[in-house]
Amino acid sequence: MARTALVTGGSRGIGAAISKALKAEGYDVAATYAGNDEKAAAFTEETGIKTYKWNVADYAQSKAGIEQVEADLGPVDVVVANAGITRDAPFHKMTPEQWTEVIDTNLTGVFNTIHPVWPGMRERGFGRIVVISSINGQKGQFAQANYAATKAGDLGIVKTLAQEGAAKGITANAICPGYIATEMVMAVPEKVREAIIGMIPAGRLGEPEEIARCVTFLASDDASFINGSTISANGGQFFV
């Protein structure tokens, strides 16, 4: 029987690449999205991957959504917590609303996504948690105190879950992408993009599929002894 994988923010960008890669590996994949019904429908039509709409910042919505996924596809064996937002501003200009929105989605949203499936993983003796953090959670970034705080916090969640889940056959790991050629990055002015690439020793942006390959490995049986780890996929831009 195929294992079921849940990918939050799984219909666009890095999340879409992850969803497709997991499906290619034989998983039954559920991809969540927050608001764009048209793009989600197009993604399902293109890939055959089921999409589910809910706000990961809301625990009740997440729990109900996961219950529907499990009714449709079976118990969730793999969680990829990928959904995230930015609300950038220099710290002295950042509003409480900008802070809270990012915390609620990028940090509390990880709790809301993993917590409902955790008891089932413990009972079945198997689970794979992969959290998509960020290079900016490792090194910080101007005008991203909110975002960097959440992505650093995600690493703390992973390290704790790794210790709590290991005896039950559950692993929890993080991936910290650098600058990836997503719609968001490709939309910035060319001069800005060139400046970004100039900071990357590899001399290029990463591809979403490169992050997806990291996920499929961490989700596999071959990665069962890798737990509490962080993969830095950034072209050599930053080392920990």
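Comparing 216, 17, 160 along the charge dipole axis of the chain, the residue lying farthest to the positive side is 160, per the Cβ-charge model.
Between the DSSP loop rule and a limit of at most 15 other Cβ atoms within 10 Å, which chymotrypsin sites (Phe, Trp or Tyr not before Pro) in region 78-144 are left? Passing both the DSSP loop test and the Cβ count: 142. Using a cut-off of 24 Å between Cα atoms, the listed pairs 53/93; 53/159; 93/151; 50/168; 93/139; 39/93 include 53/93; 53/159; 50/168; 39/93 as exceeding that distance. Taken one residue at a time, the phi angles of region 4-16 give Karplus couplings (6.51, -1.76, 1.60, θ = phi - 60°) of 9, 10, 10, 10, 7, x, x, 10, 9, x, 4, x, 5 Hz. Gly and Pro are set to x. Rounded to the nearest 20, the size of the Cβ-charge dipole of region 74-135 about its Cα centre is 180 debye, with Lys and Arg at +1 and Asp and Glu at -1. In a fully extended conformation the segment linking residue 91 and residue 160 would gain 22.0 nm over its present Cα-Cα distance, using 0.36 nm per residue.
For the chain, the fraction of C-alpha pairs more than 33 angstrom apart is 13%. Around the Cα centre of the chain, unit charges on the Cβ atoms of Lys, Arg, Asp and Glu (plus for the first two, minus for the last two) sum to a dipole of about 500 debye. Taking the centroid of alpha carbons for each part, region 50-120 and region 10-47 are 16 Å apart. Excluding same-chain neighbours fewer than eight residues apart, the aspartates and glutamates reachable from residue 23 by a Cα-Cα span under 17 Å are 45, 46, 70, 72, 77, 209, 210, 221. Over region 88-209, the fraction of Cα-Cα pairs per 5 Å bin, rounded to whole percents and listed from the shortest bin up, is 2, 10, 16, 18, 17, 14, 11, 6, 3, 1, 0. Electrostatic tally near residue 199: other residues with Cβ closer than 13 Å to its Cβ, Lys and Arg +1, Asp and Glu -1, net +2. Contact order for region 104-165, expressed relative to its length and based on alpha carbon pairs under 8 Å spaced 6+ residues apart, stands at 36 percent.
Once both labels are positioned 7 Å from their Cα atoms along Cα-to-Cβ, the gap between residue 238 and residue 195 label points is 1.7 nm.
Considering only 164, 194, 101, the mean-square fluctuation computed in a Gaussian network model of the chain, springs between alpha carbons under 10 angstrom, is largest for 194.
When the chain is treated as a GNM with alpha-carbon contacts under 10 Å, the residue of 161, 22, 218 showing the greatest mean-square fluctuation is 161.
Percent of Cα pairs in region 43-90 per distance bin of 10 Å, from zero to the largest separation: 20, 47, 24, 8, 1. Ordering 74, 187, 142 by Cα displacement along the dipole of the chain toward the positive end leaves 142 in first place; charges were set at the Cβ atoms of Lys, Arg (+1) and Asp, Glu (-1).
If you keep only loop residues by DSSP, which chymotrypsin sites (Phe, Trp or Tyr not before Pro) in region 1-84 have at most 10 other Cβ atoms within 10 Å of their Cβ? Passing sites in region 1-84 do not exist.
A simple charge model with +1 on the Cβ of Lys and Arg, -1 on the Cβ of Asp and Glu and nothing else charged puts the dipole of region 21-133 at about 300 debye relative to its Cα centre.
With a cut-off of 19 Å on the backbone N, the residues of region 7-30 near the modelled label site 7 Å out from residue 183 along Cα-Cβ are 7-21.
Rule-based calculations on the coordinates, nothing more; no lab input. If you're wondering where the values come from, they're calculated on a predicted model, not measured in any experiment. Cβ sites come from the backbone with ideal geometry, for glycine too, and all protein chains shown count toward neighbours.
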